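The values are calculated or read from the model by the stated rules, or taken from the named source; none is laboratory data. What you see is a predicted model; the values in this text were computed from it and never measured. Because the Cβ atoms are built from the backbone with ideal geometry, glycine has one as well, and the counts that use them run over all protein chains shown. Just the protein is used for accessible areas: all its heavy atoms, side chains included, with ligands, DNA and RNA removed. Shrake-Rupley method; radii C 1.70, N 1.55, O 1.52, S 1.80 Å.
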Amino acid sequence: MNNTIVTYIGFAIGAANTLFLYTNFMQPSNYGLIQVILSVSAVLMPILAFGVPNSLVKFYSSFKNEKSQDSFLTLMLVLPLVLIIPVALISYVANDAIGSLLSRQNDVVKDYVWHIFLAGMAMSYFEVFYAWARIQMKSMFGNFMKEIFCRVGQTILLILLWFKVIEIDFFINALVGFYLARALIMKLYSFSLRAPRLDFKLPDNWKNIVRYSALIILGGSTAIVLLEIDKVMLNNYLELENVAFYAVAGFIASTIAVPSKAMHQITYPLTATYLNNKDMAALSQLYQKSSLTLFIVSGILFLLILLNLNELYEFLPEKYSGGFMIVFWVGLAKVFDAILGNNNSILFNSDYYTSILLFGVLLAVLAILFNLWLIPNFGIDGAAIASFSAFFVYNTLKLGYVKSKFKIQPFTNETVKVLGLLIVIGIVFSTFSFSFHPLVNIVLKSILMILVYVTLLYRFKISEDVYGFMNKYLKR
């Protein structure tokens, strides 16, 4: 519960930064530059981490005595250096070549190769130390550092920039500094929980650990590439300010995914339990219930965002107001993600995780190809269409894979009813608008839409879980 609260607080701070501070306190070209630096760093992060965060969690409990744990933890600390050191050397030797590759359209990006590397390295080791704390059953502080620390840092820097206390170069340097400081603080905290005792003797199963870590690089890279590659590739085709416009619209659409993150914290361990117990009936029920509940929530969020988007854009500088199609396509991808329910949990907790990781790499390649094709033809809207297309193919194949291996699927008659209800509400509320202040319009339309939606869900008992939840509070 505490972790969920921290996640929502972090999201709220991120929303304030993205929608209001960055858009009003910084030039779009500078904001676009920062988005490129952070996006490329995020793509680099799972590679430099070498799958260690996942391996720590998976294998630590299998070592029963302190000596074997020491050798395992030493391996986990050293393993990221296998890639960090070569990448650092390549960045030094081929700095100009890498800079030219990243700055085909925007020359300014070539000056920030080292910023990208340092931020990526800091992100990767932060995840290592966060996992180190989690295996000691301490996740609260790490979650705070992950969700809030750097966002608060950005808020402070944006305010200083607005008051002309600092310039943009100092802002970027300090932002990278916040990521480095976060990794250092997390290291000190995690080592206070369980100090490392270096033992360079390899664990007996080190080959399995390294093989698993390498596979997780593929899985982690796939997820990040699908999320960040659009902004990275926009930098190679369009002016930097377009990356800023895309980032703002994409963030608005990403609010649809927040309930999914909260629910997955519950469904992930349940899924693992049902798979371990081979309880296919319970697994199928969880699959369908999680899908329906997330569809109900994400569907109405999608409509609330789309139908209030014009009013929301009135609070932003005019140059940011052309992102309707981006919000539509990225939002639709998030809804499709939600309707899969605990699909990812089923795959990653099953014996099929290897094939699905390799499968994901192919989809990351597909995302790149879609961007190469669509951005030159449709600009920033093309990046959004590319993201939706990649996620559509990826998620459709995951649905089919689970269906073929487990003989279960998430859709029921209630799914069709919710879809019909959302279409009707969308059509009805898109036909009129109020003539009040934009904020009043947003609040009023949202309240009316939610009241109609919730009333119809309750009246026709479309979801047992939603009906039971509402019934409990109505009785009170």
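Restricting the first member to the stretch 259-281 and to residues that are under 29 Å from Tyr8 (Cα atoms), and the second to residues that are among the β-branched types (Val, Ile, Thr) and surrounded by 13 or more Cβ atoms within 10 Å (Cβ to Cβ), the beta-carbon pairs closer than 6 Å and six or more apart or on different chains are Pro259/Val297; Ala262/Thr4; Thr271/Ile346.
Among the residues of this structure, Gly341 counts as one that is in a loop (DSSP other than H, G, I, E, B), in contact (Cβ under 8 Å) with a residue 60 or more places away in the chain and surrounded by 18 or more Cβ atoms within 10 Å (Cβ to Cβ). Looking only at the stretch 161-184, residues that are open to solvent by 60 Å² or more (accessible area, probe 1.4 Å), assigned to a helix (DSSP H, G or I) and in contact with a helix residue (DSSP H, G or I) (Cβ under 9 Å, 6 or more places away or on another chain) come to 5 in all.
A quick yes/no check of all residues on (1) farther than 19 Å from Ala257 by Cβ; (2) touching an Asp or Glu at 6+ places or on another chain (Cβ under 8 Å); (3) without any contact (Cβ under 8 Å) to a residue 12 or more places away in the chain; (4) not in a helix (DSSP H, G or I):
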site: Leu366; (1), (2), (3), (4): yes, no, no, no
site: Asp381; (1), (2), (3), (4): yes, no, no, no
site: Lys403; (1), (2), (3), (4): yes, no, yes, no
site: Ile408; (1), (2), (3), (4): yes, no, no, yes
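Restricting attention to the stretch 421-432 and to residues that are in a helix (DSSP H, G or I) and open to solvent by 60 Å² or more (accessible area, probe 1.4 Å), the residue that is modelled with the lowest pLDDT turns out to be Ser430.
If the condition is being part of a helix (DSSP H, G or I), open to solvent by less than 60 Å² (accessible area, probe 1.4 Å) and either of a type in the set (D, E, K, R) or touching a residue at least 60 places away in the same chain (Cβ under 8 Å) (or both), then the stretch 79-107 contributes only Leu102. Within the stretch 411-427, residues that are within 15 Å of Tyr287 (Cβ to Cβ) reach no partner that is of a type in the set (Asp, Glu) and open to solvent by 60 Å² or more (accessible area, probe 1.4 Å) with beta carbons closer than 8 Å at six or more positions or on different chains. Scanning the stretch 241-284 for residues being within 30 Å of Lys231 (Cα to Cα) and either aliphatic (A, V, I, L, M) or open to solvent by 70 Å² or more (accessible area, probe 1.4 Å) (or both) gives a total of 16.
If I filter the stretch 49-79 down to residues being of a type in the set (Phe, Trp, Tyr) and more than 11 Å from Asn205 (Cβ to Cβ), which single residue comes out as modelled with the highest pLDDT?
Phe50
The residue list Ser435, Ser389 contains one member that is within 30 Å of Lys319 (Cβ to Cβ), assigned to a helix (DSSP H, G or I) and free of Cβ contacts under 8 Å to residues at least 60 places away in the same chain, which is Ser389. Applying a threshold of 6 Å to beta carbon distances and a minimum spacing of six or more residues, or different chains, the list of pairs starting in the stretch 59-71 at a residue that is in contact (Cβ under 8 Å) with a residue 60 or more places away in the chain and ending at one that is open to solvent by 80 Å² or more (accessible area, probe 1.4 Å) and not acidic (Asp, Glu) reads Asp70/Arg197; Ser71/Lys201.
Scanning the stretch 10-59 for residues that are in contact with a Pro (Cβ under 7 Å, 6 or more places away or on another chain) and closer than 16 Å to Gly250 by Cα yields a single hit, Thr23.
Of all residues in the stretch 445-452, one or more are surrounded by 14 or more Cβ atoms within 10 Å (Cβ to Cβ), part of a helix (DSSP H, G or I) and of a type in the set (S, T, N, Q). The residue list Phe63, Phe59 contains one member that is over 30 Å from Asn242 (Cα atoms), touching a Phe, Trp or Tyr at 6+ places or on another chain (Cβ under 6 Å) and of a type in the set (Phe, Trp, Tyr), which is Phe63.
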